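Visitor: Below: one structure in structure tokens.
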Amino acid sequence: MHSAAHQPKVTVPMPAALRKRWAAWGRTGQDAYALVMAARKGVPAATAFEVAEAYQLQAPELEAIYELSTKTLRTYSQENKTLSAARSEKTLKIISLYQRGLEVFGEAAAFLRWLAKPAHGLDQEVPLRLLETSGGIDLVAEELTRIAYGDLS
């Protein structure tokens with residue numbers, strides 16, 4: 001991903017309906033069984049653009065996470081298609097991660113700044129770049145937990 005120059009913009013509050021749905025999905029992302037079952041049902045493709053907006057992703061970053069072009073994602077969205085189980089799982093985990101980031105940092109802007117900088121606990125990897133794989137999302141979530149508990153070693 002090209003996030004070395006990624007600078008978060010001023011964030012606009014998430015609409016209430018979207019915030020409520022993301023909160024429910026965020027809880028799903030914390031329960032392994034519920035996560036798998038929800039992923040198998042599929043998440044609407046339009047959710048990828050919600051993720052892009054929340055994380056302030058550029059097109060190349062979004063494409064790297066979903067391994068689909070933005071054109072394909074837009075087509076799927078317009079046709080009201082759902083993402084594959086693997087992409088849905090990744091989406092639910094990313095939404096859960098966003099919720100956790102807000103809890104840990106207190107605001108989206110601070111969380112997004114942290115995501116864009118090399119992290120000591122992740123061997124100087126930029127956390128945003130790790131969102132390309134499910135395992136990478138887990139590593140970032142574990143780092144957020146360490147930060148929440150003050151374990152910065």
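Visitor: Please state which of the following conditions GLY106 fails to meet, knowing it meets all the rest: (1) at pLDDT 95 or above; (2) out of contact with any Pro (no Cβ under 9 Å at 6 or more places or on another chain).
Guide: (1)
Visitor: While we're looking at this one, here's another question. Considering only segment 42-76, how many residues are free of Cβ contacts under 8 Å to residues at least 60 places away in the same chain, small (Gly, Ala, Ser), surrounded by 16 or more Cβ atoms within 10 Å (Cβ to Cβ) and in a helix (DSSP H, G or I)?
Guide: Selection size over segment 42-76: 3.
Visitor: OK, next. What tally of residues in segment 124-153 results from selecting those that are outside any helix (DSSP H, G or I), of a type outside the set (Val, Ile, Thr) and at pLDDT 95 or above?
Guide: Total meeting the criteria: 2.
Visitor: Still on this structure, please answer the following. Restricting attention to segment 77-101, report how many residues are among the hydrophobic types (A, V, I, L, M, F, W, C) and either surrounded by fewer than 18 Cβ atoms within 10 Å (Cβ to Cβ) or over 30 Å from ALA148 (Cα atoms) (or both).
Guide: Going through segment 77-101 one residue at a time, the tally reaches 3.
Visitor: A further question on this structure: Got a sec? Which of TYR55, TYR66, TYR33 is of a type in the set (Ser, Thr, Tyr), at pLDDT below 95 and either within 17 Å of ALA85 (Cα to Cα) or in contact with a helix residue (DSSP H, G or I) (Cβ under 6 Å, 6 or more places away or on another chain) (or both)?
Guide: TYR33
Visitor: So LEU122 clears everything in (1) over 21 Å from ALA45 (Cα atoms); (2) crowded, with 19+ Cβ neighbours inside 10 Å; (3) not basic (Lys, Arg) except one condition, right? Which one?
Guide: Against the list (1) over 21 Å from ALA45 (Cα atoms); (2) crowded, with 19+ Cβ neighbours inside 10 Å; (3) not basic (Lys, Arg), LEU122 comes up short only on (2).
The values are calculated or read from the model by the stated rules, or taken from the named source; none is laboratory data. Note that the structure is a prediction, hence the values are computed from the model and not measured. Please note: Cβ atoms are built from the backbone with ideal geometry, for glycine as well, and neighbour counts cover all protein chains shown.
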